[in-house]
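Trainee: Before we start, here is the structure in question, set down as structure tokens.
The values are calculated or read from the model by the stated rules, or taken from the named source; none is laboratory data. Not measured: the values here are computed from a predicted model. Glycine gets a Cβ as well: all are built from the backbone with ideal geometry, and neighbour counts include every protein chain shown.
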Amino acid sequence: MSNYWGSNISFDPSDMERMFTQEDTFGGFSVNEELTPERALRMEEVRCLLDQLPPREADFIELYFFNRVRQTSIAELYNVSQPTVCYRLQRGVARLRYLFDLPKHDLQKLETDLRLVLTDEQDIRIMVGMVRTTCQSDVANELGISQGKVRYRFLRTITKLEAMTGMGEYVKVFRYVSENLNMLKNTSRASWSEPTIFSIC
């Protein structure tokens, strides 16, 4: 049962289990469903993106969608609950959707082209790092600066690039990243034995 207390909402783990339980279907796809040629091609594209996901999510997607292993069996193999498997699959699919929709670009060429128009090395590293990770805290840690500074300079540089000729395609990439911050960040869940607290601002 969910409880309201002060400015927090506490969800009982059993409520969360019901929310994330989808045993043998996921996103409209059944593990027993035959693949059409179009879907088989799409699945091959997915396989090529798995190395960009957190390892646990990549493993779960590989087992569930490609090897057709049931969620309960994956849960037993990894010694986690079935709702945890479902949650990780949901997160993995969301990340894959992000990667599919990310405007096409070559990260190395992007960095080379930025060096032609930007003079501040830190700005260049922020822009490249944000495209690579989507995570301002990861970029901040890499550069030894604050997250606030990363975010400010990232958004400021996008605005600067918008005013430059020939930067339109890169601006699309940066704007897409800015709308999907932390999409590639590896997240962990609290133990199912502990209540989950969501703060309402």
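Trainee: Just for segment 146-201: of the residues that are surrounded by 14 or more Cβ atoms within 10 Å (Cβ to Cβ), of a type in the set (A, V, I, L, M) and closer than 30 Å to ARG56 by Cα, which one is modelled with the lowest pLDDT?
Mentor: LEU184
Trainee: If you check THR72 against the conditions, is it of a type in the set (Ser, Thr, Tyr) and within 23 Å of ILE145 (Cα to Cα)?
Mentor: So THR72 does not fit the description; no.
Trainee: Can you list the helices (runs of 4 or more DSSP H) found entirely within segment 54-120 that contain at least 3 residues being surrounded by fewer than 15 Cβ atoms within 10 Å (Cβ to Cβ)? Outline the logic, then answer.
Mentor: Details: elements: 55-61, 71-78, 82-101, 107-117.
Answer list for segment 54-120: 71-78, 82-101, 107-117.
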